[in-house]
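A quick write-up on the structure given underneath.
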Amino acid sequence: MYVKKNSLNLLILSSPKSYYGRGKEIIIDFEDVQLVTQSFIHALISDPIRECGINVLDLIIFKNCNSNIKAIIDVVVDYMQDTI
């Protein structure tokens, strides 16, 4: 599954557990995205981590992330590792 800027909210709503459960990669492309909130990234990855475990992150590819987006993803991943 390939997700670009205009589809990120749909990814949160669709909860693509079937992709993770079958070992399918999801590419989340942040091209032309300058800023995200921590709550947005949390909503994006927290359910897959809770449902499938932390190793689900091996199936999520974050593409074209600027340094701010990378930092926010790292914060959320660290938080999720502490809570599971």
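Just order 31-41, 64-74, 46-56 by mean Cβ neighbour count inside 10 Å, highest at the front, would you?
Ranking, from highest mean packing down: 46-56, 64-74, 31-41.
With label points built 7 Å along Cα→Cβ from the Cα atoms of Val33 and Arg50, find their separation and express it in nm.
According to this spin-label approximation, the distance is 2.0 nm.
Here, each number is a calculation from the coordinates, and none is a lab measurement. It should be emphasised that the depicted structure is a prediction, and the values quoted were computed from it without experimental measurement. Positions of Cβ are backbone-derived with ideal geometry, glycine not excepted, and every protein chain shown enters the neighbour counts.
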